[in-house]
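Below is one structure, written out as structure tokens, with a few remarks after it.
Quick note: the coordinates plus some simple rules give every number you see, no bench work behind them. The model shown is predicted, which means the values in this text are computed figures rather than measured ones. Backbone-built Cβ (ideal geometry, glycine too); neighbour counts: all protein chains shown.
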Amino acid sequence: MIERYYKEIRVEFERQKVHIYARKPLYDFLEQKSKKDALVLSEYILREYKKLYGRELKISRDSMAVEILIHVYVDKVLKRIEAKEHAREQEGIHRKLAQICEGLQVHTGIIDCGEKEVDSNRIIFDGLVPFKGMIFKLLE
């Protein structure tokens, strides 16, 4: 495992996956300007992975950013989704996102992002990419 830091955010790299430490530096970074900074962090991680291993990590920038945000802001996302659920009585993506968030509440200290061959949750975050705009909006 190889450890690197991006703006004091600890990231550990290993083949086919990375581990992002969801501690104060990550929270502070995401609160500075925009939740879209999760995209910036994802770009750094993907570049660094390629430097270290000589190949692309098979995770999209958007999928990783969505995973970071949902792990960091799981409580906030749940509250906002619940409010929207009650207001609209809507099924679909809000309910699915709420179920995912509820399952993640106990696993938020270290964010494990892996390729689909080693991370059974990759398909979930890849599936949420089309809704990243809504996720960013929920967190603003």
> How far apart, in nm, are two points set 7 Å out from the Cα along the Cα-to-Cβ line at S60 and at V129?
Replying inline: 0.3 nm
> Looking only at segment 1-39, which residues have a backbone nitrogen under 13 Å from a spot 7 Å from the Cα of L46 in the C-beta direction?
Replying inline: 38-39
> Label point 7 Å out from E115 along Cα-to-Cβ: which residues of segment 1-18 have amide N under 17 Å?
Replying inline: 1-2, 13-18
>> Give me the extension gain from Q32 to Q16: residue separation times 0.36 nm, minus the current Cα-Cα distance, reported in nm with one decimal.
In response: 2.8 nm
